[in-house]
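These notes are about the structure you will find just below.
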Amino acid sequence: MSMIRDIALAPSGEMKIKWVERNMPVLRGIGKDFAAEKPFAGLKIALSVHLEAKTAYLCRVLEMGGAEMYVTGSNPLSTQDDVAAALAQGGMQVFARYGCSMEEYEECLCRVLEAGPHIIIDDGGDLVHLMHTRYTHLIPHVLGGCEETTTGIHRLRAMAREGSLRFPMVMVNEADCKHMFDNRYGTGQSVWDGINRTTNLIVAGKYVVVSGYGWCGKGVSLRAKGLGAKVIVTETDPVRALEAVMDGYEVMPMAAAARLGDLFITVTGCSGVITAEHFETMKDGAILTNAGHFDVEVDMAGLEKLAVEKYEARHNIQGYVLPSGKTLFTIAEGRLVNLAAGDGHPAEIMDMSFAVQALSAEYLAKNRGRLQPGVIPVPRELDEAVARRKLSAMGVEIDALSREQEEYLGK
């Protein structure tokens, strides 16, 4: 039985899902294929992804393919209760509420695993971690899974190195049609959407500090530059730091950037990026946000300990008064700003990411028993199939290699 906030919210959620369906032509086409072929007939899928409208449509596409869906969110502050209600009203088993406690969040994860899934679709690795620690007796049923984000892949690779990963996991985040578009253009736009709608402050002329210059950091920096910000990048990777310099940004350690920044955005996938030593040197009124998967990049516990007063400055903005008298602000308690304070990536971007998810899940179903435990890449042909579908939906045509050209290139 589903565990949601209020089934009466379903009409609002249904409206949101219909809107994204209209703007996700690739996933819509895959849904028609799935409806005809039923690749997931007889299979249970457990899904833990940020539960908003685009994720809901992915769930429906998988259900069109015959899957029995068990759905939860991957962050307590990114679940949209009306969307969860719409899925539950449609008959899916849904376990998710906005703003739930960490204990309730874990209970929701457990509920979807207790169904005994054959395929796991994860975002951040929490489902896979629980399966390997608390539900090991269900592992023999698992054909494999798909991981949506960089943080989750870090966790999976660590398990694979230790030899503890007991089923195949497809690295969806590393598909070109995922990270090149979702991480760069999707994160770049949705982070600023979340910040701007929450703060109602201008970006132009401000110092924006972006921590991490991976695909997500590149997108966030590019959009900050477009909004007129003076962008500073902090990095630990020398190659990425050099790339940021040549892209026209200032690069320096966080200790130096902390003194200059008006607005900070962490997007590293690591912990302890901004800590107490940085809080003490920041400007009065500096705003701290996080766009990494877990709320560990800004040391929120350290900020709480340091502050002599905490108050709500505006909806989803917390003010922390330090002993010096200056105030620092955080958005969404240091959780994913684009989802905890916005609607996540644009539908047209998630159209590609979730198309890769859907086809990767189909790949697991079609290759049951033939894949070894460990992390495996998205097959190149699936990646290219998504790109071709997207180009077709956009009305874009491209050239094809002639036989002579293929021979010249050794294809």
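At a glance:
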{"quantity": "Criterion: in contact with a Ser or Thr (Cβ under 7 Å, 6 or more places away or on another chain), open to solvent by 10 Å² or more (accessible area, probe 1.4 Å) and at pLDDT below 95 - qualifying residue of G285, G269", "calculated": "G269"}
{"quantity": "Conditions (1) open to solvent by 10 Å² or more (accessible area, probe 1.4 Å); (2) modelled with pLDDT of 95 or more; number of the one not met by C100", "calculated": "(2)"}
{"quantity": "Unmet criterion (only one of (1) open to solvent by less than 20 Å² (accessible area, probe 1.4 Å); (2) touching a Phe, Trp or Tyr at 6+ places or on another chain (Cβ under 6 Å); (3) not hydroxyl-bearing (S, T, Y)) for K310", "calculated": "(1)"}
{"quantity": "Among (1) under 26 Å from the mean Cα position of the chain (by Cα); (2) aliphatic (A, V, I, L, M); (3) surrounded by 17 or more Cβ atoms within 10 Å (Cβ to Cβ) - the single one L322 does not satisfy", "calculated": "(1)"}
{"quantity": "Those residues of the range 53-68 which are open to solvent by 20 Å² or more (accessible area, probe 1.4 Å) and either free of Cβ contacts under 8 Å to residues at least 12 places away in the same chain or assigned to a helix (DSSP H, G or I) (or both), in sequence order", "calculated": "R60, E63, M64"}
{"quantity": "Within the range 150-261, helices (runs of 4 or more DSSP H) holding 3 or more residues that are under 14 Å from the mean Cα position of the chain (by Cα) and crowded, with 19+ Cβ neighbours inside 10 Å", "calculated": "150-162, 187-199, 215-226"}
{"quantity": "Pair list, Cβ < 7 Å and 6+ apart or interchain, from the range 141-164 residues that are within 24 Å of V267 (Cβ to Cβ) to residues that are assigned to a helix (DSSP H, G or I) and of a type in the set (G, A, S)", "calculated": "C146/S360; C146/A361"}
{"quantity": "Output for the range 352-373, where each listed residue is closer than 14 Å to G145 by Cβ, open to solvent by less than 10 Å² (accessible area, probe 1.4 Å) and not aliphatic (A, V, I, L, M)", "calculated": "Q357, S360"}
{"quantity": "Test: residue in the range 82-90 that is within 27 Å of G269 (Cβ to Cβ) and not acidic (D, E)", "calculated": "yes"}
{"quantity": "Given (1) among the β-branched types (V, I, T); (2) open to solvent by less than 60 Å² (accessible area, probe 1.4 Å); (3) assigned to a loop (DSSP other than H, G, I, E, B), index of the condition I349 fails", "calculated": "(3)"}
{"quantity": "The range 24-52, residues that are out of contact with any strand residue (DSSP E or B) (no Cβ under 8 Å at 6 or more places or on another chain), open to solvent by less than 40 Å² (accessible area, probe 1.4 Å) and closer than 25 Å to P346 by Cα", "calculated": "M24, V26, L27, G29, I30, G31, F34, E52"}
{"quantity": "Matching residues, the range 106-121, being in contact with a helix residue (DSSP H, G or I) (Cβ under 8 Å, 6 or more places away or on another chain) and touching a residue at least 40 places away in the same chain (Cβ under 8 Å)", "calculated": "L109, V112, L113, G116, P117, H118, I119, I120, I121"}
{"quantity": "S392, sole failed condition from (1) in a helix (DSSP H, G or I); (2) within 29 Å of V128 (Cβ to Cβ); (3) touching a helix residue (DSSP H, G or I) at 6+ places or on another chain (Cβ under 9 Å)", "calculated": "(2)"}
{"quantity": "Subset tally (residues that are out of contact with any helix residue (DSSP H, G or I) (no Cβ under 9 Å at 6 or more places or on another chain), assigned to a helix (DSSP H, G or I), under 20 Å from G42 (Cβ atoms) and not small (G, A, S)) for the range 352-389", "calculated": "2"}
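Here's the yes/no breakdown for (1) out of contact with any strand residue (DSSP E or B) (no Cβ under 8 Å at 6 or more places or on another chain); (2) within 14 Å of A291 (Cβ to Cβ); (3) of a type outside the set (V, I, T):
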site	(1), (2), (3)
G212	no, yes, yes
K218	yes, yes, yes
L222	yes, yes, yes
K225	no, no, yes
A229	no, no, yes
P238	yes, no, yes
E243	yes, no, yes
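The values are calculated or read from the model by the stated rules, or taken from the named source; none is laboratory data. Owing to the predicted nature of the structure, the values given are computational and were not obtained by experimental measurement. All Cβ positions, even for glycine, are placed from backbone atoms using ideal geometry, and neighbour counts span all protein chains on display. For accessibility, only protein heavy atoms count, side chains too; no ligands or nucleic acids. Shrake-Rupley method; radii C 1.70, N 1.55, O 1.52, S 1.80 Å.
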